[in-house]
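Please read the structure below before turning to the comments.
The values are calculated or read from the model by the stated rules, or taken from the named source; none is laboratory data. Remember, it's a predicted structure, so these values are computed and weren't measured experimentally. So basically every Cβ, Gly included, is an ideal-geometry build from the backbone, and we count neighbours across all protein chains shown. Just the protein is used for accessible areas: all its heavy atoms, side chains included, with ligands, DNA and RNA removed. Shrake-Rupley method; radii C 1.70, N 1.55, O 1.52, S 1.80 Å.
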Amino acid sequence: MDDNVLYHGMDRRTFVASLISGCVIAGTGMFSLYGDSIAHASPEITQPPLPYKEDALEPYISIKTIGFHYGKHHKAYVDKTNELAGPAGLGSLSLEEIIKKTAGSAGQIPIFNNAAQAWNHNFYWQSMLPGANKPNERLTKMINASFQSYDNLIKELQNAAVTQFGSGWAWLVLEQGKLKVTKTSNADNPLVYGQVPLLTLDVWEHAYYLDYQNRRADYAKAVLDNLLNWEFAAANLPKDA
Ligand code: MN3
């Protein structure tokens, strides 16, 4: 075997010196060098724990849906991001950095899709909370300025959720100091448009099909009326917005 392959481009003397100084670690069936592993290591993107128990959003979202959605779909996006980002030289970046770095790059679509989906789901779980809560005074003023009323905002979010064609997301974002409702397709994400996401609603079929089958509107209404986490939205507002 070619030494250059085995030792990642280092000559044998450097390799042995690295071994002695403790800078070589055993990887999966082959040696990987420490310096090399900083540039190419698998990133350690982790799936944050759910902020509540799996049955906490019942009866609006069932424990069965959460089990599949968090335990299978979301986990798969995190795993795939870790699998793809390291070999692409993005191993030392945070999830948000991976998203921004790969957005719009034709050769990196699979990495972007998985990283953005991992991030979007992190954000989605936090966008919901069992038990009704309301926007604080600061957010209420901003909502009234942009939508005239809270009810109008909810109508716009409902409309975005229902009219998103195919898989995607409905969002409440801050753009140039004003609140705005948007929708994105598939994995796409407001971060790459310079917007600040405040809340999101997953409208992929896997988010609602077990509970609502084809009735996306009923799922959206149930979440918007009962589960929005306005404390999370307020915490996402920049201090100077
Ligand atoms: Mn989803």
Worksheet item: Do we have any residue at all in the range 216-234 that's basic (K, R), farther than 19 Å from S149 by Cβ and open to solvent by 40 Å² or more (accessible area, probe 1.4 Å)?
Response: no
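I'd like to verify a number: residues in the range 143-153 that are crowded, with 19+ Cβ neighbours inside 10 Å and of a type in the set (A, V, I, L, M), how many?
Of all residues in the range 143-153, those crowded, with 19+ Cβ neighbours inside 10 Å come to 143, 147, 153.
Within this subset, residues satisfying the condition of being of a type in the set (A, V, I, L, M) are 143, 153.
Residues in the range 143-153 being crowded, with 19+ Cβ neighbours inside 10 Å and of a type in the set (A, V, I, L, M): 2 in total.
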Discussion item. Could you tell me how many of the residues in the range 198-241 are farther than 18 Å from W169 by Cβ and aliphatic (A, V, I, L, M)?
Written reply: 5
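So which helices (runs of 4 or more DSSP H) stay within the range 140-235 end to end and still have 1 or more residues that are touching a residue at least 12 places away in the same chain (Cβ under 8 Å), under 30 Å from P110 (Cβ atoms) and away from the ligand (no atom under 16 Å from the Cβ)? Before the answer, list the steps.
Numbers: elements: 150-163, 209-212, 216-226.
The helices (runs of 4 or more DSSP H) meeting that bar are 150-163.
Picking from A161, A132, which residue would you name as being small (G, A, S) and over 23 Å from the mean Cα position of the chain (by Cα)?
Checking each option against the conditions leaves just A132.
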